[in-house]
Amino acid sequence: MNVHDSEKMLGVLEPEGFLQTDNPRSADLIIFNTCSIRQKAEQKFYSELGRIKSYKKLNPCLKIAVAGCIAQQEGKNIFKRAPHVDFVFGPQNIRTLKHFVADGYVHVAIEENPLISVEDLPAKRSSRISAWVTIMYGCNNFCSYCVVPYTRGRERSRPSEHIVAEVCKIAEEGFREITLIGQNVNSYESDVDFPGLLCKLDRVGGVERIRFVTSHPKDLSTALIDAIKELPKICEHIHLPLQSGSTAILKMMSRRYSFEDYIEKIAALRAKIPDISITSDIIAGFPGETDEDHRLTLKALCEIEFDGIFAFKFSPRPGTKASKMQENLTEEKKSERLYEILALQDTITEKKNNALVGAIQEVLIEGPSENANGNLTGRTRSNKIVDIWADDIIKGALVDVEIIKGRRHSLEGKLVG
Ligand code: SAM
Ligand code: SF4
């Protein structure tokens, strides 16, 4: 979401005459697009912000802006901590960049923006193959650990005709794949619901693949499962964050499903789409998590066999319910649990990748490979990275590949035919 917000910032700035540079020392404007989901990201940002202070001596015209969720959370307090900052704007106020660069009269822009879902900011996309498309903003779920509802505001869906128009434009520009983004795409609601939106987008010519993130398990409906199964362009992959294998912890997280509910959803997905790839998020060391709760999470990983996970140590975030809960684990203990979760999942991911050896998979070529397993890299419909050796294939090509090796975080393949 932040990557796409940065693309929107570039989309707003380009008509104002700005060009992107890889060299921050030569920049007239530096924007930090920040994340506050965990404390680590916040610490990293403040140390970077301190580091670039000296650039203002090299270029007295340099303006420094802080954007994203830390900007939203801290507002004008950022000026106290870092007086070299010129402008602070939250995720709902990207459009104010235009006024800031025009005459610098805006300094802080963090107000709720009720028009965010209809403002349709332009985006300068970094890829020419795959495009992010925002379908909704904010979140109403208030999971007890999460800062998102406080920084990104209430849930607002974009009108479906705006989304369809954007996707038609993307298709005309030659993109092959779109990823629909929202904190909880399953609760998308305009003249149509989320499966209805998928139906409309599946009919847009040109785009070959449609992905979406993130789905909340409580809102995963039979209609959505049917849409993934039946609509040809919807890829067979779902990111369905579990967070914990313990129902007691899920309750304290205010997730509004039990582990049993979650397992039922997985069974329903696999019954209709046997090859579906399922990935997830796990939080290690939530306040009150016992050895038994942790064991239940490890057991859940073995039982479900996700294709991959992102796992994080619990990080108390300001203003959230969980930040007021008594933590019972040291940082070392949380790290130990995180390590166990990641190590177990690595073996599961490797096993699942190995099981694909011999299978023919459709791969969308994204560009040159960054490792020695091939000269090109792409993704399967199930969102697995595949490296191949091939000449005369261009970025954006859809090719059939036979998987010849499964690795821990990727696959190796060879062209068929
Ligand atoms: N909306 C999505 C959902 O409900 O799953 C994802 C939101 S969040 C940007 C991505 C992931 O960050 C979450 O699924 C959760 O695992 C993790 N996360 C959020 N807050 C956290 C916190 N305070 N400490 C550790 N991990 C956190
Ligand atoms: Fe955060 Fe996702 Fe829960 Fe919303 S649904 S509060 S974004 S974890």
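The values are calculated or read from the model by the stated rules, or taken from the named source; none is laboratory data. Bear in mind the structure is a predicted one, so any value in this text is a computation, not a measurement. Here the Cβ positions follow ideal geometry from the backbone for every residue, glycine too, while neighbour counts run over all protein chains shown.
Suppose the filter is acidic (D, E) and either without any contact (Cβ under 8 Å) to a residue 24 or more places away in the chain or within 25 Å of K229 (Cα to Cα) (or both); does E412 pass it? Walk me through it before giving the result.
Numbers: acidic (D, E): yes; either without any contact (Cβ under 8 Å) to a residue 24 or more places away in the chain or within 25 Å of K229 (Cα to Cα) (or both): no.
Considered against the rule, which asks whether it is acidic (D, E) and either without any contact (Cβ under 8 Å) to a residue 24 or more places away in the chain or within 25 Å of K229 (Cα to Cα) (or both), E412 comes out as no.
I'd like the full set of residues that are in contact (Cβ under 8 Å) with a residue 12 or more places away in the chain and surrounded by fewer than 22 Cβ atoms within 10 Å (Cβ to Cβ), limited to the stretch 267-278.
Once the filter is applied, which keeps residues that are in contact (Cβ under 8 Å) with a residue 12 or more places away in the chain and surrounded by fewer than 22 Cβ atoms within 10 Å (Cβ to Cβ), the stretch 267-278 yields A268, L269, K272, I273, D275, I276, S277.
Out of all the residues in the stretch 244-255, which are touching a residue at least 60 places away in the same chain (Cβ under 8 Å) and either of a type outside the set (A, V, I, L, M) or within 12 Å of ligand 1 (Cβ to nearest atom) (or both)?
Passing the criteria: M253, S254, R255.
Kindly evaluate L197 against the criterion of being touching a Ser or Thr at 6+ places or on another chain (Cβ under 6 Å), in a helix (DSSP H, G or I), away from ligand 2 (no atom under 13 Å from the Cβ) and farther than 21 Å from F310 by Cβ. Before the answer, list the steps.
Working: touching a Ser or Thr at 6+ places or on another chain (Cβ under 6 Å): yes; in a helix (DSSP H, G or I): yes; away from ligand 2 (no atom under 13 Å from the Cβ): yes; farther than 21 Å from F310 by Cβ: yes.
Yes: the conditions hold for L197.
For the stretch 8-57, give me each residue that is of a type in the set (S, T, N, Q) and touching a strand residue (DSSP E or B) at 6+ places or on another chain (Cβ under 8 Å).
If the condition is that a residue be of a type in the set (S, T, N, Q) and touching a strand residue (DSSP E or B) at 6+ places or on another chain (Cβ under 8 Å), then N33, T34 are the ones that fit.
Here is a list of conditions, (1) modelled with pLDDT of 95 or more; (2) surrounded by fewer than 19 Cβ atoms within 10 Å (Cβ to Cβ); (3) away from ligand 2 (no atom under 15 Å from the Cβ); (4) not aliphatic (A, V, I, L, M), and R128 meets all of them except one; can you say which number that is?
Going through (1) modelled with pLDDT of 95 or more; (2) surrounded by fewer than 19 Cβ atoms within 10 Å (Cβ to Cβ); (3) away from ligand 2 (no atom under 15 Å from the Cβ); (4) not aliphatic (A, V, I, L, M) one by one, R128 breaks only (1).
List, please: which pairs have Cβ atoms under 6 Å, are six or more places apart or on different chains, and start with a residue in the stretch 367-378 that is in a strand (DSSP E or B) and end with one that is of a type in the set (G, A, S)?
L376/S369; L376/A390; T377/S369
Being part of a loop (DSSP other than H, G, I, E, B) and within 16 Å of ligand 2 (Cβ to nearest atom) is true for just one of F306, F286, F310. Which residue is that? Spell out the reasoning first.
Details: F306 fails: within 16 Å of ligand 2 (Cβ to nearest atom); F310 fails: part of a loop (DSSP other than H, G, I, E, B).
None of the other options fit; the residue is F286.
What is the number of the single condition among (1) within 24 Å of S157 (Cα to Cα); (2) assigned to a loop (DSSP other than H, G, I, E, B) that I210 does not meet?
(2)
Kindly indicate whether V106 is assigned to a loop (DSSP other than H, G, I, E, B), in contact with a helix residue (DSSP H, G or I) (Cβ under 8 Å, 6 or more places away or on another chain) and among the β-branched types (V, I, T).
Yes; evaluated as a whole, the condition is true for this residue.
Are any residues in the stretch 121-158 away from ligand 1 (no atom under 11 Å from the Cβ), without any contact (Cβ under 8 Å) to a residue 60 or more places away in the chain and of a type in the set (D, E, K, R), and if so, which ones?
Scanning the stretch 121-158 gives R154, R156, R158.
Condition first: at pLDDT 95 or above, part of a loop (DSSP other than H, G, I, E, B) and surrounded by 15 or more Cβ atoms within 10 Å (Cβ to Cβ). Can you find one or more residues in the stretch 93-101 that meet it?
For the stretch 93-101, residues at pLDDT 95 or above, part of a loop (DSSP other than H, G, I, E, B) and surrounded by 15 or more Cβ atoms within 10 Å (Cβ to Cβ): present.
May I ask you to verify whether Y137 is within 16 Å of ligand 2 (Cβ to nearest atom), surrounded by fewer than 21 Cβ atoms within 10 Å (Cβ to Cβ) and not small (G, A, S)? I'd like the intermediate steps shown before the answer.
Working: within 16 Å of ligand 2 (Cβ to nearest atom): yes; surrounded by fewer than 21 Cβ atoms within 10 Å (Cβ to Cβ): no; not small (G, A, S): yes.
For Y137, the condition - within 16 Å of ligand 2 (Cβ to nearest atom), surrounded by fewer than 21 Cβ atoms within 10 Å (Cβ to Cβ) and not small (G, A, S) - is not met.
For the stretch 148-161, enumerate the residues that are more than 13 Å from ligand 2 (Cβ to nearest atom) and crowded, with 18+ Cβ neighbours inside 10 Å.
R156, S157, R158, S160
Identify the residue in the stretch 385-417 that is among the hydrophobic types (A, V, I, L, M, F, W, C) and within 23 Å of the chain's Cα centre (by Cα) and, among all such residues, is farthest from E370 (Cα to Cα).
Taking the candidates together, the pick is L411.
Of everything in the stretch 243-264, what is within 19 Å of Q345 (Cβ to Cβ) and in a helix (DSSP H, G or I)? Give them in sequence order.
Within the stretch 243-264, I249, L250, F259, Y262, I263 qualify.
Under 9 Å between Cβ atoms, which residue pairs at least 6 apart in sequence (or on different chains) link something in the stretch 313-330 that is outside any loop (DSSP other than H, G, I, E, B) with a partner that is surrounded by 15 or more Cβ atoms within 10 Å (Cβ to Cβ) and at pLDDT below 95?
What qualifies is K313/R38.
Quick test for you: out of L356, L344, L364, pick the one residue that is under 25 Å from P217 (Cβ atoms), touching a residue at least 40 places away in the same chain (Cβ under 8 Å) and not charged (D, E, K, R).
The conditions single out L344.
Inspect all residues belonging to the stretch 240-261 and state whether any of them is closer than 29 Å to R408 by Cα, of a type in the set (F, W, Y) and within 16 Å of ligand 2 (Cβ to nearest atom).
no
Taking F142 and the conditions (1) away from ligand 2 (no atom under 16 Å from the Cβ); (2) surrounded by fewer than 21 Cβ atoms within 10 Å (Cβ to Cβ); (3) aromatic (F, W, Y), which numbered condition does it fall short on, given that it satisfies the others?
(1)
Do we find that K233 is away from ligand 1 (no atom under 12 Å from the Cβ), touching a strand residue (DSSP E or B) at 6+ places or on another chain (Cβ under 7 Å), on the phi < 0 side of the Ramachandran plot and of a type outside the set (A, V, I, L, M) in this structure?
When the stated conditions are applied, K233 passes them.
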